[in-house]
Structure formats: C-alpha cells, structure tokens
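Report on one structure; see the data block that follows.
Throughout, read-outs are computed from the coordinates displayed, never taken from laboratory work. Treat the numbers as computed from the prediction; the structure is a model and nothing was measured. Glycine gets a Cβ as well: all are built from the backbone with ideal geometry, and neighbour counts include every protein chain shown.
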Amino acid sequence: MKRRSAVLVLLTSCLVACQPDISDLQRFTAEVKASTSVSIEPLPTFETQPAFDYSATSMRSPFQRPKQSLTARKQESKPNCQQPNLAGKRHALEKYGLDALSISGTINRNNQTWVLITANDGSLHKAQVGDRIGLFFGEITSITADGITIKEMVPDGAGCWQPKQAKLSKSSQAGENDNV
C-alpha cells in the first residue's frame, strides 16, 4: 500500500513539474493570426443562358439503334458476282495499306524474283508473284525493275467486288502509290 501511494505521489509531482511552458507558442500563434489577412477571390458571375428549345423529340434517339440502316441491310448477292479469294495463307503485308508500303529493291535468284518492301513502321518484307499484299485482298501479279503490279478486289457497295489494278513503284515512298 505504501508503494502505491509513493508511486501516486511521484506521478502527481511529475505531472505538475513536467508541464512545459507553452506561453511563447501561444503568443506566436496569436501574432501570426493577427498579422495574416485572408483574401478569398469573389465567386465569378455567370451569365444566364437562354433556354434551348429541343425540336427533335419526334426523331429517333441517338442512343438507340436504328431499326434498319443502310449498312445493316443485307445485300442480295448477284449470281455472277465476283468475290475475293479468302482461302490461302495470310501474308504479313496484308495488314498494311498500299500507301504505307515502299519498294526497297528486288532480288533475282534461281530464276525467281523477289521484291523487298519496307512498311511505314520500318519493317522489311520480301514477297514474290502470287503473294498477297494490302488491305483489299491484293495479289502481286508482276515484278519488274520499276516496281510491282497488284490486282486488288474492291467492294462496290452492292455485295460484289470489282477488280482494280494498282502499281507500287520504286520511286514512290510510303504514303503514295500509283493507281492504274
């Protein structure tokens, strides 16, 4: 019991004696508050806009799908309609448009002619007659010293595909091609 009372006396004396003097801190805080002026910008004034009269309430909502659009309609295929050749191995050059390709050179070896084609991303590809090229099911039909001739199949909008001949020459850079 004497121990507890001794500890209690020690704690009480420590609390009384250990309190720090914070009067200088309180004085400094009061001085800063007194000398600091608070400046808040006034709220901006907004002009009231005239009400908008929406006159398209009788039209279709732009957030709903159209009932029947021109692109969604299935076109009737004609009996003698040309279609692109979807069979065959996909070539790396089919992911580039012709305007993104340029010819770097040709290689002749064992009676075979190869063309070196550089894409606009810097990749180099080799191709020969019969390889597919371009986005429109193009096929290389001839390789000459001046360039290559390509037969493409372009959609005509009525469900058919029309053949189109294009030429990629050595003088054309990526971004331009010669359509024949």
From fewest to most C-beta neighbours within 10 Å, the residues Leu116, Leu124 line up as Leu124, Leu116
Can you give the Rg to Rh ratio for the range 107-156, taking only C-alpha atoms and Rh from Kirkwood? 1.00
With label points built 7 Å along Cα→Cβ from the Cα atoms of Lys151 and Glu31, find their separation and express it in nm. 9.6 nm
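Could you calculate the FRET efficiency of Ser142 with Ala87 from 1/(1 + (r/R0)^6), where r is the beta carbon distance between them and R0 is 30 Å, rounded to 0.05?
On the way: r = 22 Å, r/R0 = 0.74.
Approximately 0.85, to the nearest 0.05.
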